[in-house]
Amino acid sequence: MTIFAAAPAIFCMRRYIEARKTCEKLTRPGPFSSLGLDGQTCNSSFLNLSDLRKLELPTQGLNTLFGVQDQNIKYLESLLDVNIGARGNELLIDGDERDIKTVEHILKDFGELFDEGNAFTDKELRDAFKQIADDRAYSLKDHFQKARFNPSGKKTVAPKSPNQRKYLDAIAANDLVFGIGVAGTGKSFLAVAMAVDALFKKQVSRIILTRPAVEAGERLGFLPGDLQEKVDPYLRPLYDALFDLVDSEKVTKMLEKRIIEIAPLAFMRGRTLSDAFIILDEAQNTSSEQMKMFLTRIGFGSKVVVTGDKTQIDLPRGQKSGIKEAEKVLADLEGIEFVYFSEKDVVRHKLVQMIVKAYEEHSIREDNDEVVASAKRGLAGK
């Protein structure tokens, strides 16, 4: 596939469409027919074809790029201030000059990737378009050649937002990373994916997944079964991520051989965790003492990821969250990085993003109301 420029100037689609409509109006029988214009004369009068910039793709490439009912290209138009149309195998672009250049880079990369035999789904392309619109330094090649990885051969993993990319880069570059943000932003899943990737590349010899056994605002009482069966419900989200990324038979064998260990945080005391990829999930529900205990378990050759959502703390009232304290204590230490997620990074149902934002706004209003009420009480006391 080749993408080439036929002339140096930017082609203005709106001007082209308006001129074509005017030409059709002037050349059809009617009140303007006395002007004696034919189609050829009209086109040359209204359009300077030497001004066109043409980007050309083969038909199969255009079909992939545009997607079902042109949904991909419409989505790209909604993200950038551009209009994109096709005439035969030629793509015509109109809009803001900066956005046009972004589209040209996207199309150039698409053409080269397509020539190399890469296949794209509509969802993959739209995810890439969204990230490029958010971060113009990012490219389609970056997304499909660098950012994506397949930890075990079962499922390809790709970041879906700039913060997710930053998170993956931080995990690759640091021995201790904190991923802090609202629910549904991929903190736990991406951490498990990086752990599986490190294990299959033999960068570590085992994976240890842990989280505090704290109930979400309810008392479950005594659970049936042996110790493992009692703690499994608290660790189920980590199991789900593992089975999503690795064939179930492999996961079962690795669990049996203790290559993958899933245990509540209380079981970490007194251990030294070397040559391992360790993930502490739901860290907002650790106490200060538990967080310090966990972080001092790190041995040689290990990498640690701590995830948490400070808006969902289930600790008893008055007890300090370990992840909040760790932010203050460890913020300036070399080799430790904090990555923060917002509702924009939510990758669950679109309602989740709206729900998270609504609760955040409600919390801010409540805090403001409390400040005002406190000030009024202070004045009344005087």
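The figures follow:
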read-out: Cross-link pairs beyond the 23 Å C-alpha cut-off, checked among LYS154/LYS202; LYS187/LYS310; LYS160/LYS253; LYS160/LYS324; value: LYS160/LYS253; LYS160/LYS324
read-out: Phi to ³J(HN,Hα) by Karplus 6.51 cos²θ - 1.76 cosθ + 1.60 over the stretch 79-96, Hz, x for Gly, Pro; value: 7, 10, 7, 9, 10, 10, x, 10, 10, x, 8, 9, 9, 10, 10, 9, x, 4
read-out: Label zone at LYS257, where the point sits 7 Å out along the Cα-to-Cβ direction: the stretch 174-207 residues whose backbone N lies under 19 Å; value: 195-207
read-out: In nm, spacing of pseudo-spin labels at GLU249 and ASP81 (7 Å Cα→C-beta vector); value: 5.7
read-out: Listed residue (TYR167, ALA191, SER287) projecting farthest to the positive dipole end of the stretch 162-347, Cβ model; value: SER287
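Since every read-out is calculated from the coordinates, none of them should be taken as a lab result. As the structure is a computational prediction, the values presented were derived from the model and not from experiment. Backbone-built Cβ (ideal geometry, glycine too); neighbour counts: all protein chains shown.
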